Structures are given as C-alpha cells and as structure tokens.
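Inspection log for the structure reproduced underneath, given as structure tokens.
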Amino acid sequence: MSSTPDEQEHTVTLYLYEIAGLPGRTEVDQAIKTVDAEVHRAGGELIEAQVTGQHRLFVVAELAGGPLQLDAPSVGAAELTGPHEVRLVGADLDELKAVRPTAGYLVEWDLPADLDMDSYLSRKKANAPKYAEVPEVSFLRTYVRVDMDKCLCFYDAPDEDAVRRARVAVQTPIDRLYGLESGGQ
C-alpha cells in the first residue's frame with residue numbers, strides 16, 4: 001500500500017546527536033534540557049539521552065518535520081555531530097517510549113564500508129540467538145545510522161567483560177565501549 005503525499009510529509013524519523021566536550025554532569029544535564037526543549041519546540045520527542053562516564057552524550061530524538069539543526073555552542077559543548085538519521089533495531093519504539101529502559105553499556109561499531117542495511121539486518125537476525133551463550137547480558141536495542149557509518153548497541157550487563165563476551169558470541173566487533181551513567185533519559 002502506498003502512502004499519500006500528506007502521509008509522507010509527516011513521516012516520523014529518528015535522529016542521533018552526539019555531544020562531547022561537556023566538562024561535568026551539571027553541563028551534561030543542562031545540555032539534555034536544552035536539546036529536549038529544542039526538540040519539543042520543533043514538535044518532536046526526545047527518545048533517550050545516554051551519558052558516558054567521560055560525559056559524552058548520545059541523544060536520539062523523534063522528529064516529524066525533518067532533522068533539527070543544533071550547534072555545539074547552543075548546548076554548551078565543544079563538539080556536536082549530527083543529526084544522523086538512525087533506524088531502531090531490536091526494540092519497538094512505542095515500548096521503548098513507555099518503558100524508557102536504562103542501559104549500562106554502549107558499544108559503538110564502525111560498520112564496514114561494504115555492509116548495506118539489508119545485509120546488516122540479516123546478520124543481526126541470524127546472530128541474535130547467540131546472545132543466549134552469555135545469559136548475564138541483555139541486549140536492549142541498536143540504533144543503526146541510515147548512512148551505514150556505525151551503529152550504537154545498548155546492553156544491560158554486570159561489567160564490561162560480559163559485554164565483550166556477548167559481542168564475541170554474536171561475532172561482532174567493538175570499536176568503542178562505554179559504561180553509561182545512571183540518570184540518562
């Protein structure tokens with residue numbers, strides 16, 4: 001079934017913003033509030049904001065009118081990348097909004113240049129059952145950048161070593177691994 005032009009104009013899309021160079025938790029909290037206000041002003045919704053121990057902030061926002069252009073100074077940061085359109089994999093967006101599950105760890109994987117979205121999704125589906133080999137780790141969700149540059153995978157796990165074992169089980173590398181602070185949105 002094809003959509004009408006009006007339906008296409010109101011398609012909701014997820015966008016990732018990465019914010020770095022925030023000196024402390026106070027500045028991180030203020031950056032989250034600023035981004036949240038701008039997203040709401042644009043008619044969107046902040047889906048989640050995850051904070052690493054190094055005060056790097058990963059924000060995912062749902063926007064219907066296209067990407068919201070933010071800049072580093074407006075959020076009090078030294079660096080801001082995005083917006084990057086992302087696709088949510090391994091979780092339902094409505095359930096994610098309702099539950100807002102907390103993740104303990106974030107894995108960034110810089111995707112190989114020859115990997116396309118369909119191949120990525122097939123690989124993910126085939127490997128997902130292998131997480132059972134590391135039962136102490138719960139895979140929560142992944143955001144895959146539509147440009148296939150990288151993906152962000154969120155886990156609940158007792159420690160970094162358990163996350164590493166889970167990634168070995170699903171035969172997927174880790175380019176960066178972050179412990180997340182509590183209090184993200």
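What is the sum of charges, Lys and Arg at +1 and Asp and Glu at -1, for the other residues whose Cβ falls under 15 Å from the Cβ of GLU160?
Here the charged neighbours net out to -3.
Out of the GluC sites (Glu not before Pro) in the stretch 50-135, which ones are loop residues according to DSSP with at most 16 other C-beta atoms within 10 Å? Numbers along the way, then the final one.
On the way: sites: GLU62, GLU79, GLU85, GLU95, GLU108, GLU133; in loops: none.
In loop regions of the stretch 50-135 (DSSP not H, G, I, E or B), there are no sparsely surrounded GluC sites (Glu not before Pro).
Tell me the per residue accessible area of the chain using a 1.4 Å probe; a whole number in Å² is fine.
50 Å²
For the stretch 87-184, with all protein chains present and a 1.4 Å probe, just round the carbon and sulfur fraction of the accessible area to a whole percent.
Ligands and nucleic acids excluded, carbon and sulfur give 49 percent.
From zero up to wherever the largest Cα-Cα distance of the stretch 21-83 sits, split into 5 Å bins and tell me the percent of pairs in each.
Bin by bin from 0 Å, the calculated values are 4, 19, 32, 27, 13, 4, 1.
When the helices in the chain are scored as -39500 (n - 2.57) per DSSP H run of 4 or longer and the sum is shared across all residues, what 222 nm value do you end up with, to the nearest 500 deg cm²/dmol?
Per the formula, -8000 deg cm²/dmol.
Regarding the stretch 71-114, what is the average projected area of its C-alpha convex hull, in nm²?
Numbers: hull surface 21.2 nm².
It is 5.3 nm².
Treat every Asp and Glu Cβ in the chain as -1 and every Lys and Arg Cβ as +1, leave all other atoms uncharged, and give the resulting dipole magnitude about the Cα centre to the nearest 20 debye. Don't jump to the answer; show the numbers that get you there.
Numbers: 18 positive and 32 negative charges, 97 e Å.
Computed about the Cα centre, the dipole is about 460 debye.
With the cut-off at 28 Å, tell me which of the pairs LYS33/LYS124; LYS130/LYS150; LYS97/LYS124 have Cα atoms farther apart than that. Intermediate values should be presented prior to the final figure.
Values: LYS33/LYS124 34 Å; LYS130/LYS150 21 Å; LYS97/LYS124 23 Å.
Among LYS33/LYS124; LYS130/LYS150; LYS97/LYS124, the Cα-Cα distance tops 28 Å for LYS33/LYS124.
How fast does the stretch 60-151 diffuse by Stokes-Einstein, in µm²/s, taking the Kirkwood radius from C-alpha pairs at 37 °C and 0.692 mPa s?
213 µm²/s
Where q = 0.11 Å⁻¹, what log10 of I(q)/I(0) comes from the Debye formula for the chain, counting one point per Cα?
-0.49
Using +1 at the C-beta of Lys and Arg and -1 at the C-beta of Asp and Glu, which of GLY43, ILE32, TYR143 has the Cα lying farthest in the positive direction of the dipole of the chain?
TYR143
Given Cβ point charges of +1 (Lys, Arg) and -1 (Asp, Glu) and nothing else, what value in debye, to the nearest 20, does the dipole of the stretch 70-132 about its Cα centre take?
Computed charge dipole of the stretch 70-132: roughly 380 debye.
Each residue of the stretch 119-134 in order: what ³J(HN,Hα) in whole Hz does its phi give by Karplus 6.51 cos²θ - 1.76 cosθ + 1.60, θ = phi - 60°, with x for Gly and Pro?
5, 4, 5, 5, 4, 4, 4, 5, 8, 3, x, 6, 4, 4, 5, 10
The values are calculated or read from the model by the stated rules, or taken from the named source; none is laboratory data. Keep in mind it's a predicted model, so treat the numbers as computed, not measured. Note that we place each Cβ from the backbone using ideal geometry, even for glycine, and neighbour counts take in every protein chain shown. Side chains are part of the model used for accessible areas, which takes the heavy atoms of the whole protein and leaves out ligands, DNA and RNA. Shrake-Rupley method; radii C 1.70, N 1.55, O 1.52, S 1.80 Å.
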